[in-house]
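This report concerns only the one structure given below.
A short reminder: the numbers here are calculations on the coordinates, not readings from a lab. All figures in this text were calculated on a predicted structure; none of them were measured in a lab. Cβ atoms come from the backbone with ideal geometry, glycine included; neighbour counts cover every protein chain shown.
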Amino acid sequence: MIDLRSDTVTKPTDGMRKAMAHAEVGDDVYGEDPTVNRLQDMVAAMLSKRYALFVPSGTMANQLAVRSHTQPGQEVIVESASHIVRYEQGAAGALAGVQLHWVSGERGIMTADQVEGAIRPKDPYSISTGLICLENTHNAGGGTIYPLSTIEKIRAIATQHGIPMHLDGARLMNAVAATTIPPASYAQHFETVSMCLSKGLGAPVGSLLISSDQQLIERARRFRRMYGGAMRQAGILAAAGIYALEHHVTRLPEDHIHAKRLARILQQIPSVRIAPHHVETNIVIFEVTGQRRTPAEIVAALKQEGVLINAIGGLSYRAVTHLNISAKEIEEAGAVFTRVLTH
Ligand code: TLP
């Protein structure tokens, strides 16, 4: 089966499993897991920040940021198709008690003017804006990279209004691989960054919340406990993350080449609508038109031929490349798409 549903489906390699098996561990609730501490230090240094907190998932990292930056009753500016809006089960409202203010970006990218327009006036009756969140790369936008110049403009506005910024950097390293802009150059514009080890980097579990603000990280540590994310001998998981950072970052451009190749194959299919130049990293989003079949039937027909993808609403589908997908499998998947979608 060629599994293109997500880059979350990767399996740990033998080398990664060995690193996990031999990890030195301790109780991380006491701050005594040397491998967790090493991973946290490593990621903080990578982003030129002072602290990092290891958490079970990207969702938890985002939600700790939302909860730690804001007070219940505040508003958070987010892009309308962002992960925080679409895929976190309403946690910002349910757990942090904030309201989300959606801004519809172009393939997930908001402009500085849009963000500025969404900031509430500071008067006694308006809701107060507590946080601005960006997502880089933007998942539902099609793995879109936030231009650094746009981030800089949004940052300037946020500073002017005294509003902190959080980056959902679940796939920050894909943006780094595609642009060669160092992770710290992105991170410098945000009070907090979340980063996932379990997407393109290929670790089985784990994300980090990264910041230079000690008080904020201590608040996040308490909320991590509240949300059930304080783990014990988590070094076994952190070891996989360290291995991923040491071995799987430099290979990310391969996934981007595969995604572009897949987009070009899809472009040749008459029923498919796709702009290959919009494929910037490892996510390929496309539409299938003129079908009598439902999206679920199309997904099932592809599955029968050995290719897994996700239908993501309307006429749209998502295919994601990752470290368990080879160039040969892209060609094989391309042939299946051509066969199944030409009917
Ligand atoms: N995204 C998953 C699904 O939840 C949609 C995927 O398959 O792409 N931020 C971004 C931008 C993400 O894409 C994801 C995962 C997360 C956060 C959450 O990470 P996890 O799944 O670890 O909670």
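Some observations on this one:
- In nm, spacing of pseudo-spin labels at residue 246 and residue 128 (7 Å Cα→C-beta vector): 4.6
- Over the chain, relative contact order from alpha-carbon pairs under 8 Å, at least 6 apart, %: 25
- Built amide H within the under 5 Å cut-off of residue 234, gap 5+: 26, 28
- For peptides 105-111, 221-227, sequence by mean Cβ density within 10 Å, most packed first: 105-111, 221-227
- From the alpha carbon centroid of the range 307-338 to that of the range 222-261 is 23 Å.
- Per residue, the chain reaches -12500 deg cm²/dmol at 222 nm when only DSSP H runs of four or more residues are counted, each adding -39500 (n - 2.57).
- Linear extension gain, residue 300 paired with residue 9, 0.36 nm per residue minus alpha-carbon span: 102.9 nm
- Bins of 10 Å, starting at 0 and running to the largest distance - Cα pair percent for the range 177-275: 12, 30, 31, 17, 8, 1
- Placing +1 on each Lys and Arg Cβ and -1 on each Asp and Glu Cβ, with no other charges, gives the chain a dipole about its Cα centre of roughly 400 debye.
- Given charges at beta-carbon only (K, R positive; D, E negative), |dipole| of the range 103-194 in Debye: 60
- With the highest mean first, a sort of the peptides 230-240, 208-218 on other beta-carbon atoms found within 10 angstrom per residue produces 230-240, 208-218.
- Extreme residue, positive dipole direction of the chain, given options 310, 129, 70 (C-beta unit charges): 310
- The range 251-341, Cα convex hull volume normalised per residue, Å³: 83
- Taking 0.36 nm per residue of sequence separation and removing the Cα-Cα distance, the residue 148/residue 114 pair yields an extension gain of 10.6 nm.
- Environment charge of residue 84, counting only residues whose C-beta is closer than 15 Å and scoring Lys/Arg +1, Asp/Glu -1: -2
- Förster radius 22 Å - calculated FRET efficiency between residue 184 and residue 86, Cβ distance, rounded to 0.05: 0.20
- A simple rule links phi to the HN-Hα coupling: the Karplus curve 6.51 cos²θ - 1.76 cosθ + 1.60 with θ = phi - 60°, which for the range 153-169 gives 5, 5, 4, 4, 5, 4, 5, 4, 9, x, 10, x, 10, 10, 10, 7, x Hz, with x for Gly and Pro.
- Size of the chain as Cα extents on the principal axes (Å, biggest first): 58, 54, 34
- Interchain or long-range residues, amide H under 5 Å from residue 79's placed H: 103
- Cα centroid separation, the range 74-105 to the range 132-192: 17 Å.
- Label-point gap, in nm, between residue 232 and residue 50 - each point 7 angstrom along Cα→Cβ: 3.2
- Farthest toward the positive end of the dipole of the chain, out of 300, 55, 276, is the Cα of 300, where the dipole comes from beta carbon charges about the Cα centre.
- Pairwise centroid distance, computed over Cα atoms, of the range 273-306 with the range 22-59, Å: 38
- The trypsin sites (Lys or Arg not before Pro) found in the range 122-219 that occupy coil by DSSP, while having at most 12 further C-beta atoms within 10 Å, are 122.
- If you plug the beta carbon distance of residue 292 and residue 267 into 1/(1 + (r/R0)^6) with R0 = 25 Å, you get a FRET efficiency near 0.65.
- Placing dummy labels 7 Å off each Cα toward the beta-carbon, the span from residue 161 to residue 71 is 1.8 nm.
- Using the Cβ-Cβ distance between residue 326 and residue 27 with R0 set to 56 Å, the FRET efficiency works out to roughly 0.90.
- Legend: distances between Cα atoms for 153/328; 49/328; 18/199; 153/199; pairs beyond 31 Å are 153/328; 49/328.
- The residues packed around residue 233, meaning those with a beta-carbon under 12 Å from its beta-carbon, carry a net charge of -4 if Lys and Arg are +1 and Asp and Glu are -1.
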